[in-house]
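Report on the following structure.
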Amino acid sequence: MASREVSTMIKQGFISDPPLSFSPSRTASLSKPPISSPPPSPNDSTRSRRSNPTLLDMISDEHNRETRRYQDEPRRKYHARVAKILADFKNGVGAGDAKLTLVGRDGHRATMDVHKKVLSEKSKFFMEKMKSRRENGVSQPHIVECDDVETYVETVVLMYCDDLKNKLIGENVFKVLALLKVSSAIEFEEGIKSCLEYLEAAPWSEEEEQTVVSCIEKLDLAGSTANSVLERVSVSSTSKVQPMTSS
């Protein structure tokens, strides 16, 4: 039927107006608010700064790198000193028949080529440790939780020295006290004796004197040399007391 005829029939009442129809999808799309994009996350802004760093960002990054290098420098120097001591020791004594592993509280690890005979003869601690490990089928000694790996390495080196007194010449009081502590811990009698003899003869400052007394008393060292060191402190303290004079 032609559209003009249909229009005429609608006007004359023969055909009712067609109802308006809505599709669900169209209704939903009209009722829903517009979807906005999410705000950029902090990570997005960080990535944006990294891809397009400003001058301030570059200065800040360089400052952080310099700070880390500054903080790590003492540790690098410490590790370098230990590595040099180990290299010089290995060149001097050659390959050993055991590997001594020393692990510090900070996780720093050092391994030394040592000779079981030397360590067993010089140190009661190592003699017992090697005997125990041999019975358990393990021959490689190790010490963990070291306060200072460098001092332990240096003390082991002293076990190979024929003249310990000469080896200690030039060392400061605090270094010798550190060696004394380790020598006492591993029961290295020659090391203990040499350190005490050095302390007995070496000049002290007042600060060093207090440290010497505190260290020896804590270690509870027996023997005439330890007593001589403490007696020297006693005499030094007495001489500082000025007698009162009557006018």
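The percentage of C-alpha pairs in the range 164-238 whose separation is greater than 13 Å is 62%. Taking other residues whose beta carbon is less than 12 angstrom from the beta carbon of ILE216, and scoring Lys, Arg as +1 and Asp, Glu as -1, yields -2.
About its Cα centre, the range 164-238 has a charge dipole of approximately 200 debye under the convention of +1 per Lys or Arg Cβ and -1 per Asp or Glu Cβ, with nothing else charged.
The slack between ASN91 and LEU219, meaning 0.36 nm per residue of separation minus the straight C-alpha distance, is 42.7 nm.
Counting every other Cβ atom within 10 Å of each residue's Cβ, ILE59, ILE85 order from fewest to most as ILE59, ILE85. Label-to-label distance for ASN64 and TYR160 is 4.5 nm, based on points extended 7 Å past Cα in the beta-carbon direction.
Straight Cα distances below 23 angstrom link LYS84 to the lysines LYS99, LYS116, LYS165, LYS167, LYS175, LYS181, with same-chain residues fewer than 8 positions distant left out. For the range 164-238, relative contact order (Cα pairs under 8 Å, six or more residues apart, normalised by length) works out to 32 percent. Note on the range 71-160: with charges restricted to the Cβ of Lys and Arg (+1) and Asp and Glu (-1), its dipole about the Cα centre is near 260 debye.
The numbers here are math on the coordinates, done by the rules we state, and not lab data. This is a predicted model, so every value here is computed, not measured. Backbone-built Cβ (ideal geometry, glycine too); neighbour counts: all protein chains shown.
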